[in-house]
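**Q** My questions all concern the structure below.
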Amino acid sequence: MDITTKTYYGETFLTPGQISNTTLAAYDKSVTIYTTGADIVATSLVPDCMFNLTYKLQGPNLYQGAAGNYIWAGGPAFAFDNPESYVTGNITVGGKVINVVPEKSVAWIDWQWGNTYAADGWTGFIFLLSNGVKIITMTTKPSPKYLPVSISTLVFPDGHHEVHALDTDFHPWDPWVDPYTNITYYNNYLVNIPSRGIFLHSHLPVEGGQTTVRSDPTRLNSVADSYSTFEGVFDGVPVTGFGITERKENLPQS
């Protein structure tokens with residue numbers, strides 16, 4: 001996504017390989033991701049989205065639910081993140097190779113796995129705040145198939161975690177429609193974590209960020225991970241931030 005030209009490209013790839021707690025090695029002709037020593041290397045030869053990046057994990061990990069697992073759509077989900085990976089390499093934009101400046105860049109890496117899937121949709125926010133706190137939230141949309149989940153995990157610069165419930169009404173407004181899937185998303189949301197005094201406005205500078213399967217652009221295959229800015233208060237103190245608004249819309253009810 002280029003927030004200057006307001007253009008983006010996103011597509012989903014099913015890359016064969018092994019991704020586990022101990023091994024990361026996934027390869028195909030277009031996209032590869034693997035470990036080399038303590039680093040992670042990700043490359044893409046996709047014409048609209050070429051990159052060659054190396055990530056060095058640093059700083060405290062964020063363990064979702066503070067333990068790295070919680071109940072999601074009726075079963076256990078496992079997830080942890082490294083919010084401030086040191087990234088080097090390059091990306092290609094409009095045919096021009098652009099080198100990453102590590103000191104002015106940051107990469108958020110997350111691992112998620114489990115046997116459950118919230119098929120009726122969810123909303124998530126993943127962001128870094130100006131006070132050094134990193135937060136990830138996950139909220140399922142209402143479903144007759146499983147109990148609702150609405151959880152936020154906070155990691156502080158010293159590594160300590162907090163887990164809080166968040167308001168399930170994000171008051172979305174200013175809709176936009178993705179041209180590939182005809183799914184409606186929104187430019188603005190409100191994030192409210194009452195027990196921590198957090199109230200933020202999430203805004204999308206670009207109407208984009210959806211990934212889908214180009215040959216089969218359905219709701220099942222599509223999710224929007226849109227770059228967002230955040231502004232509001234944390235315990236009564238003004239904060240700003242940036243990150244991702246993730247939106248998975250409901251599948252048609254059968």
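The values are calculated or read from the model by the stated rules, or taken from the named source; none is laboratory data. For clarity, every value in this text was computed on a predicted model and none was experimentally measured. Every residue, glycine among them, receives a Cβ derived from its backbone with ideal geometry; neighbour counts consider all protein chains shown. Surface accessibility is based on the protein's heavy atoms, side chains included, excluding ligands, DNA and RNA. Shrake-Rupley method; radii C 1.70, N 1.55, O 1.52, S 1.80 Å.
**Q** Treating only the Cβ atoms of Lys and Arg (+1) and Asp and Glu (-1) as charged, compute the dipole magnitude of region 19-136 about its Cα centre; round to the nearest 20 debye.
**A** 180
**Q** Which whole-Hz couplings ³J(HN,Hα) result when phi for each residue of region 224-240 is put into the Karplus expression 6.51 cos²θ - 1.76 cosθ + 1.60, θ = phi - 60°, listed in order with x for Gly and Pro?
**A** Taking θ as phi minus 60°, the curve returns 9, 10, 9, 4, 9, 9, 10, 8, x, 10, 9, 6, x, 9, x, 9, 10 Hz for region 224-240.
**Q** Another question about this same structure. With every protein chain kept in place and ligands, DNA and RNA left out, what is the accessible area per residue of region 117-254? Probe 1.4 Å, answer in Å². Walk me through the numbers on the way to the answer.
**A** Details: 6090 Å² over 138 residues.
Roughly 44 Å² per residue, with all protein chains present.
**Q** Hey, can you find the accessible area per residue of region 1-49 for me, probe 1.4 Å, expressed in square angstrom?
**A** 66
**Q** Kindly identify the chain as rounded, prolate or oblate by the Cα gyration tensor criterion: order the square roots of the eigenvalues as a ≥ b ≥ c, call it rounded if a/c is under 1.5, otherwise compare a/b with b/c, prolate if a/b is larger, else oblate.
**A** Verdict is rounded for the chain.
**Q** Once you keep just the Cα pairs under 8 angstrom separated by 6 or more residues, what percentage relative contact order results for region 109-254?
**A** In percent, rounded to a whole number, it is 23.
**Q** By the gyration tensor of its Cα atoms, with a ≥ b ≥ c the square roots of the eigenvalues, what is the shape of region 1-127: rounded for a/c under 1.5, prolate for a/b over b/c, or oblate? Mind dumping the intermediate values first?
**A** Numbers: a/c = 1.58, a/b = 1.48, b/c = 1.06.
Because a/c hits 1.5 or more and a/b exceeds b/c, region 1-127 counts as prolate.
**Q** Here is a further query. Give me the percent of the accessible area of region 128-254 that comes from carbon and sulfur atoms, probe 1.4 Å, all protein chains in place.
**A** 58
**Q** Ser226: net charge of surrounding residues, Cβ under 11 Å, Lys/Arg +1, Asp/Glu -1, itself excluded?
**A** Once positives and negatives cancel, what remains is -3.
**Q** Shifting gears a bit: Eight or more residues apart or on different chains, and alpha-carbon atoms under 24 Å: count the Lys pairs in the chain matching that.
**A** Within the chain, the lysine pair count is 11.
**Q** A further question on this structure: Going toward the positive end of the dipole of region 10-106, with +1 on Lys and Arg Cβ and -1 on Asp and Glu Cβ, which of Trp72, Met50, Phe13 do you reach last?
**A** The Cα lying farthest towards the positive end belongs to Met50.
**Q** Please tell me the relative contact order of region 83-147 in percent, rounded to the nearest whole number, where contacts are Cα pairs under 8 Å and at least six residues apart.
**A** 25
**Q** Then there's this: Take the alpha carbon atoms of region 189-220, find their center, do the same for region 90-161, and report the distance between the two centers in whole angstrom.
**A** 10
**Q** What's the magnitude of the charge dipole for the chain around its Cα centre, counting Lys and Arg as +1 and Asp and Glu as -1 at the beta-carbon? Answer in Debye, nearest 20.
**A** 300
**Q** Now a separate question. Counting other Cβ atoms within 10 Å, which trypsin sites (Lys or Arg not before Pro) in region 1-103 have at most 11 and lie in a DSSP loop?
**A** Lys6, Lys29
**Q** Full extension from Ser130 to Ile98: what is 0.36 nm times the residue separation minus their Cα-Cα distance, to one decimal in nm?
**A** Values: separation 32, 0.36 × 32 = 11.52 nm, distance 2.65 nm.
So the extension gain works out to 8.9 nm.
**Q** A follow-up question, please. For region 1-52, give the percent of accessible area contributed by carbon and sulfur heavy atoms, probe 1.4 Å, rounded to a whole number. The partial results should precede the final answer.
**A** Details: 1980 of 3430 Å².
Ligands and nucleic acids excluded, carbon and sulfur reach 58 percent.
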